[in-house]
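Read through the structure below, which is laid out as structure tokens, and then see the notes.
The values are calculated or read from the model by the stated rules, or taken from the named source; none is laboratory data. Fair warning: this is a prediction, and the values are worked out from it, not measured in the lab. Cβ coordinates were reconstructed from backbone atoms using ideal geometry, including for glycine residues, and neighbour counts include every protein chain displayed. Heads up: the accessible areas ignore ligands, DNA and RNA and are worked out on the full protein's heavy atoms, side chains in. Shrake-Rupley method; radii C 1.70, N 1.55, O 1.52, S 1.80 Å.
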Amino acid sequence: MTMSETAVKPQYTINEFEHAYQEDGKIIGQECTSCHHRMATQILVCVKCGSSKLASVQLATEGVVRSFSIQNVPSDEFINDAPYAYALVQLSDGAVVSGWLPEAKSEKDIEIGDKVQWKKSYKVGMIFEKVK
Amino acid sequence: MEEVWVAGAAMNRFGKVPGMGREMAANVSLEAIEKSGISPKDIGYTFISNAFGISERQAHLGPLINTSLGIPEVPSATIESACSSSSAALHEAFVHIAGGFIDAALVVGVEKLSHLETLAATSYFAMGADYAFESKNGATFPGLYATLATAHMKKYGTKHEELGAIAVKNHVNASSNPHAHFQKPISMETYLNSPMVSFPLKLYDCCPFSDGAAAVVVVNPAKFKKDLKEVPAAIRASARAGSIAALQDRTDLTAIPASRLAADKALHQAKVEHKDIDFMEVHDCFTIAEVLAMEDMGFFAKGTAGKAAAEGQTRVDGKLPVNPSGGLKAKGHPVSATGAAQIVEVMEQFNGRAGKREVKGAEYALAHNVGATGGSCSVHILQRV
Ligand SMILES: CC(C)(COP(=O)(O)OP(=O)(O)OC[C@H]1O[C@@H](n2cnc3c(N)ncnc32)[C@H](O)[C@@H]1OP(=O)(O)O)[C@@H](O)C(=O)NCCC(=O)NCCS
Ligand SMILES: [Zn+2]
């Protein structure tokens with residue numbers, strides 16, 4: 001048996017995940033074919049049930065804010081964007097992703113439970129906007 | 001399994017420390033060995049922690065320290081587990097001695113950060129998170145704990161004033177700790193008026209960027225009991241656990257699963273109950289982290305630890321003193337030195353050198369050290385011998 005026959009293949013590489021939201025206009029994730037748990041973070045084995053039978057899926061692009069914080073002290077990649085909100089977004093199909101809201105400059109601009117929509121952007125990371 | 005005792009521990013004053021990390025590490029190592037009563041030649045293994053050594057263009061610190069201590073032939077390894085690095089190193093030392101492989105070990109953690117600007121340091125610290133999925137999407141380190149704080153405040157009604165009580169307490173405790181980064185008490189007003197770093201966390205909710213080093217000497221008493229100069233601390237439990245790495249993949253945003261798992265294991269190992277613990281050093285990189293630690297380890301019901309702190313239950317003279325050293329918040333947090341520094345406080349307490357922050361008659365102490373947002377966690381339980 002050669003290496004390539006036995007090697008584990010992830011559903012997507014981290015590069016492909018990033019390419020999908022940066023270039024292809026979609027958020028991709030995996031769904032466990034046994035327990036249907038959905039996750040965007042690249043994994044090889046389901047964290048819920050231990051199954052390695054995962055399928056690559058396209059995730060929803062709208063959801064609600066599970067929690068958030070407002071960054072006044074950014075890292076170098078966000079130096080020109082602070083303050084902004086970092087949020088954990090529960091997408092409407094169940095997966096949770098990290099994203100940021102350039103428009104949310106203080107806690108008055110965002111609340112847990114707010115409806116948000118992903119927006120393709122040339123900037124770093126996944127940007128969300130509040131749905132009015 | 002062999003018994004494992006802490007025989008000596010030392011740290012420098014945390015804060016802005018001149019010189020290089022390797023120098024600090026060597027200095028506190030020799031001090032800890034001298035305090036213990038054994039000699040450098042007795043060390044069977046050196047476990048080093050220096051998560052951000054790369055900021056000084058330095059890796060492979062072990063041989064440098066061992067050479068400096070005159071024991072170049074002794075094996076060494078670097079143990080990295082983000083902010084819980086040196087408690088992970090202590091766990092390795094424990095396992096080696098308990099398993100009978102060696103009779104004595106040196107554990108040393110060190111970090112040099114003050115040569116970095118706020119921006120560079122914040123960028124380094126973000127490395128402890130999941131870069132591709134969290135940091136690249138806007139998470140900073142304070143931001144991730146702030147996200148936990150937002151969820152905790154929403155679910156349990158935890159108040160700024162409760163987090164503030166923790167900051168005020170830890171600054172009071174640090175004011176009688178000559179090794180602490182900050183040695184001035186602060187008022188609730190100062191806390192409430194401090195600038196927002198990452199809503200809902202203010203400047204005084206955060207631990208500072210600190211330089212510092214701490215070292216711990218652990219021995220098998222069957223071999224070294226007669227040589228010891230300090231009141232030793234027997235390690236009754238050395239437990240570690242993990243949680244899902246990224247916050248986005250966790251079901252509960254108001255708890256750190258690894259804290260509960262490690263504490264459960266530790267209490268079981270030590271055959272003690274919550275009520276037996278006389279004081280704890282917990283991982284308060286942010287005030288909310290102290291709330292989570294107290295709740296997740298089962299010392300307070302979920303949603304009640306903030307109130308308990310506000311009532312004074314965790315002050316040095318309270319029912320369960322938490323962070324008599326001043327904690328990461330006020331003693332300072334040189335990432336990889338923190339786990340070992342918690343053990344230094346235990347030894348100061350057991351040897352009657354804690355002065356105004358002494359927890360009278362303490363027999364059992366618990367040390368809780370979290371890596372990043374809880375991807376890793378160590379809990380040690382120590383008993384005064
Ligand atoms: C809060 C934070 C952003 C401040 O950044 P900084 O680079 O230290 O800020 P500055 O150097 O501008 O400090 C401004 C002043 O506030 C003080 N200060 C800084 N951090 C402080 C803190 N956490 N608590 C109290 N005072 C603090 C400084 O001593 C300084 O006072 P001075 O002007 O009298 O000397 C930074 O300390 C931080 O990010 N802390 C968290 C670190 C972290 O994430 N650790 C990992 C956790 S596991
Ligand atoms: Zn599954």
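Of the peptides B:84-94, A:62-72, the ranking by mean beta-carbon count within 10 Å, highest at the top, reads B:84-94, A:62-72.
Per DSSP helix of 4 or more residues, -39500 (n - 2.57); summed, then divided by the residues of chain B. What does that give at 222 nm, rounded to the nearest 500?
On the way: 12 runs with 130 residues, N = 385.
Computed mean residue ellipticity for chain B: -10000 deg cm²/dmol.
Counting only other chain Cβ atoms within 10 Å of each residue's Cβ, the peptide B:150-156 averages 4.
Within 10 Å of the Cβ of each residue in B:128-137, the mean number of Cβ atoms contributed by other protein chains is 6. Residue by residue along B:246-255, Cβ atoms of other protein chains within 10 Å of the local Cβ number 5 on average. For the chain pair B and A, the interface hides roughly 3000 square angstrom of accessible area in total, found with a 1.4 Å probe. Over the stretch A:62-130, Cα pairs under 8 Å with separation of 6+ residues give a relative contact order of 34 percent.
For the stretch B:146-162 versus the stretch B:203-281, the inter-centroid distance based on Cα atoms is 25 Å.
Computed from Cα positions, the angle between helix B:21-36 and the longest principal axis of chain B comes to roughly 60 degrees. Quick one: angle between helix B:287-296 and the longest Cα principal axis of chain B, in degrees between 0 and 90, rounded to 10, please. Once rounded, one gets 70 degrees.
In summary, the convex hull built on the alpha carbon positions of the stretch A:3-59 has an orientation-averaged projected area of 4.1 nm². When only Cα pairs below 8 angstrom with a gap of at least 6 residues are kept, chain A shows a relative contact order of 20 percent. Using a 1.4 Å probe, what is the accessible area per residue for the stretch B:57-178, in Å²? Accessible area per residue, the stretch B:57-178: 34 Å².
Using label points projected 7 Å from each Cα along Cα→Cβ, tell me how many nm separate B:ASP276 and B:LYS225, to one decimal. Distance between label points: 2.0 nm. Over 30 Å apart at the Cα level, from the set B:LYS112/B:LYS159; A:LYS48/A:LYS132; A:LYS108/B:LYS184; B:LYS154/B:LYS329; B:LYS16/B:LYS155, are B:LYS112/B:LYS159; A:LYS48/A:LYS132; A:LYS108/B:LYS184; B:LYS16/B:LYS155.
Taking label positions 7 Å along the Cα-Cβ direction at both B:HIS60 and A:GLU62, the computed distance is 5.7 nm, reported to one decimal. Between the helical axis of B:257-270 and the longest alpha-carbon principal axis of chain B there is an angle of about 40 degrees. Taking the protein heavy atoms of the stretch B:1-79 in the context of the full set of protein chains, the accessible area attributed to carbon and sulfur is 54 percent at 1.4 Å. Before rounding to the nearest 500, sum -39500 (n - 2.57) across all DSSP H runs of length at least 4 in chain A and divide by the residue total; then give [θ] at 222 nm in deg cm²/dmol. The per-residue figure over chain A is -1500 deg cm²/dmol.
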